[in-house]
Structures are given as structure tokens and as C-alpha cells.
1. Working only within the range 42-60, note down all residues that are open to solvent by 50 Å² or more (accessible area, probe 1.4 Å) and either small (G, A, S) or in contact with a Leu (Cβ under 6 Å, 6 or more places away or on another chain) (or both).
2. Consider W66 against the criteria (1) aromatic (F, W, Y); (2) surrounded by fewer than 18 Cβ atoms within 10 Å (Cβ to Cβ); (3) within 14 Å of the chain's Cα centre (by Cα): it satisfies all of them except one. Which criterion is unmet?
3. With the condition being free of Cβ contacts under 8 Å to residues at least 12 places away in the same chain and under 13 Å from C130 (Cβ atoms), I'd like the strands (runs of 3 or more DSSP E) fully within the range 6-102 carrying at least 3 qualifying residues.
4. Can you name the residue in the range 73-85 that is charged (D, E, K, R) and closer than 16 Å to T43 by Cβ and is also least open to solvent (accessible area, probe 1.4 Å) among such residues?
5. Suppose the filter is farther than 26 Å from S123 by Cβ and open to solvent by 50 Å² or more (accessible area, probe 1.4 Å); does Y88 pass it?
6. Here are the criteria: (1) on the phi > 0 side of the Ramachandran plot; (2) open to solvent by less than 40 Å² (accessible area, probe 1.4 Å); (3) at pLDDT 95 or above. Tell me which single one N109 does not satisfy.
7. Which ones in the range 1-36 are crowded, with 19+ Cβ neighbours inside 10 Å and small (G, A, S)?
Amino acid sequence: SVCPCDVDYYDGDTAHPYMFCTDAQSWTDAQSSCDDAGYHLLTIDDAGENAWADDTADTFSTSKWWIGLNDRSTEGSFEWADGTPLSYTNWQPGEPNNSGGGEDCAQINRYHPTQTWNDEPCSSSFSFICEGW
């Protein structure tokens, strides 16, 4: 099928595509857009994938980008939207902080170019990264 966003491949692995979608959406709408295309919001497994995803996103925009990490079910207990166990994080020092309450979804690029993560209200509209199954 035709991908609705720009596609790239980590480490040249064409069996595992990533979509970089610059049309800003809420976290839940971004998750639905990924699902509709047969993808899921990005799950970051290690520092190499984090650096690649952040650097690649920067080629499209240095604005904020949604990833699949969230604590929507239980405050302070972050999990990946696709159910992958949380084994790697790269929070900006002092994050996640749930500033003002309701910051339940994670994004990259707020602290550009540090490649660290931040929590934001899920209703905010940002670009987003989808990962192929």
C-alpha cells in the first residue's frame, strides 16, 4: 500500500520501515494514523535507534515529534503503545515531570539537539514517527 508519510529505514533494514509524518496531530490521532497505515507509534529500543530516529526527524523538522511512550493508564508508569517492555529511556534531566498535570505522552526534540525525551499533554499536536511491524 502507499504510505501517507515519508519513509526511511534504520540500518538499511527495508523489512522494517519508519514513517515520518509532519502533519501535526494529537497523540491519539497520531496513533490511529499509524494503525491505519499498518504501523504503530515509534518504540525506541536502544541509544542507536534513538539517535537515528531523532537525526532523521530533524531532516524533516526540528519541531517536537510524538513517540509511542505514554503513562495514560497509570501516572508515572510509562509503557510503549505497542506493548513492548520498557527497557531503554532517554529522558531529559528533570523529565518526565507531568508539569501542570496531564502530561501523559512522550515526544522527542523539545530539547533539540540533545536527543532526549519529554512528556507533554496528549492533546497537543505534533509531528509523529510510526514504525512498521
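1. First, the residues of the range 42-60 that are open to solvent by 50 Å² or more (accessible area, probe 1.4 Å): 45-47, 55, 59-60.
Once the filter is applied, which keeps residues that are open to solvent by 50 Å² or more (accessible area, probe 1.4 Å) and either small (G, A, S) or in contact with a Leu (Cβ under 6 Å, 6 or more places away or on another chain) (or both), the range 42-60 yields only A47.
2. (2)
3. On the way: elements: 6-9, 17-25, 39-41, 65-70.
Once the strands (runs of 3 or more DSSP E) in the range 6-102 are filtered for at least 3 residues that are free of Cβ contacts under 8 Å to residues at least 12 places away in the same chain and under 13 Å from C130 (Cβ atoms), nothing remains.
4. In this case the residue turns out to be D82.
5. no
6. (3)
7. Just the residues of the range 1-36 that are crowded, with 19+ Cβ neighbours inside 10 Å, to begin with: 5, 18-21, 27, 30-31, 33-34.
Across the range 1-36, the qualifying residues are A30, S33.
Matching residues to (1) within 12 Å of the chain's Cα centre (by Cα); (2) open to solvent by 20 Å² or more (accessible area, probe 1.4 Å); (3) over 14 Å from M19 (Cβ atoms); (4) hydrophobic (A, V, I, L, M, F, W, C):
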{"site": "H40", "(1), (2), (3), (4)": "yes, no, no, no"}
{"site": "D71", "(1), (2), (3), (4)": "no, no, yes, no"}
{"site": "G94", "(1), (2), (3), (4)": "no, yes, yes, no"}
{"site": "C105", "(1), (2), (3), (4)": "yes, no, yes, yes"}
{"site": "P121", "(1), (2), (3), (4)": "no, yes, yes, no"}
{"site": "C130", "(1), (2), (3), (4)": "yes, no, no, yes"}
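The values are calculated or read from the model by the stated rules, or taken from the named source; none is laboratory data. Small disclaimer: the values here were computed from a predicted structure and weren't measured. No Cβ is skipped: glycine too gets one built from the backbone with ideal geometry, and neighbour counts run over all protein chains shown. In case anyone asks, the SASA skips ligands and DNA or RNA and just uses the protein heavy atoms, side chains included. Shrake-Rupley method; radii C 1.70, N 1.55, O 1.52, S 1.80 Å.
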